[in-house]
Amino acid sequence: MSVLRLIYLCLAVVGAVVPMLHYLPWARQNGFDPGLLVATWKVNPASTALYYDILISAIALNVWIVAEIYVRRDYWVLICLPLTYLVGVSCGLPLFLFLRSRPVR
């Protein structure tokens, strides 16, 4: 495995773990309530701007993933679609780059 692929993999793991370290205590306190979670993300203009910034980035990433699947026929990268929304762009993007950078047979 190349150094670049190893960096992508490490970033994907860190991008999954770090957000969960903050989300899980919140979920234990408030329960699994997606509506409340989104409302919490929009409590002020700064967090609302960040919410939309990340949402637009997630949509752009998903368009890129689907386009790459169409061209490369590398269906393993489909796992990045739900991970982007369930975990975050911080996990979905580096995982996609990790999977994309491997040789396609």
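If a residue must be of a type outside the set (Gly, Ala, Ser) and surrounded by fewer than 11 Cβ atoms within 10 Å (Cβ to Cβ), how many such residues does the range 12-37 contain?
Summing the residues that are of a type outside the set (Gly, Ala, Ser) and surrounded by fewer than 11 Cβ atoms within 10 Å (Cβ to Cβ) in the range 12-37 gives 8.
Out of 9, 4, which single residue is within 29 Å of residue 98 (Cα to Cα) and either of a type in the set (Lys, Arg) or surrounded by 14 or more Cβ atoms within 10 Å (Cβ to Cβ) (or both)?
Unique residue meeting the criteria: 9.
Among the residues of the range 75-98, is any surrounded by fewer than 15 Cβ atoms within 10 Å (Cβ to Cβ) and farther than 27 Å from residue 24 by Cβ?
The answer is yes, given that some residue of the range 75-98 is surrounded by fewer than 15 Cβ atoms within 10 Å (Cβ to Cβ) and farther than 27 Å from residue 24 by Cβ.
Just name the residue that is farthest from residue 99 (Cα to Cα) out of those in the range 41-65 that are in contact (Cβ under 8 Å) with a residue 12 or more places away in the chain and β-branched (Val, Ile, Thr).
Filtering the range 41-65 for residues that are in contact (Cβ under 8 Å) with a residue 12 or more places away in the chain and β-branched (Val, Ile, Thr), the one farthest from residue 99 (Cα to Cα) comes out as 54.
I'd like to check which helices (runs of 4 or more DSSP H) are fully inside the range 37-105 and have at least 3 residues that are farther than 21 Å from residue 20 by Cα and modelled with pLDDT of 95 or more.
45-72
From the list 67, 49, 27, 58, exactly one residue is within 14 Å of residue 95 (Cβ to Cβ) and aliphatic (A, V, I, L, M). Which is it?
Of the residues listed, the single one that is within 14 Å of residue 95 (Cβ to Cβ) and aliphatic (A, V, I, L, M) is 58.
The values are calculated or read from the model by the stated rules, or taken from the named source; none is laboratory data. Being a predicted model, the structure only gives us computed values, none of them experimental. A quick note on method: Cβ atoms are made from the backbone with ideal geometry, for glycine too, and the neighbour counts reach across all protein chains shown.
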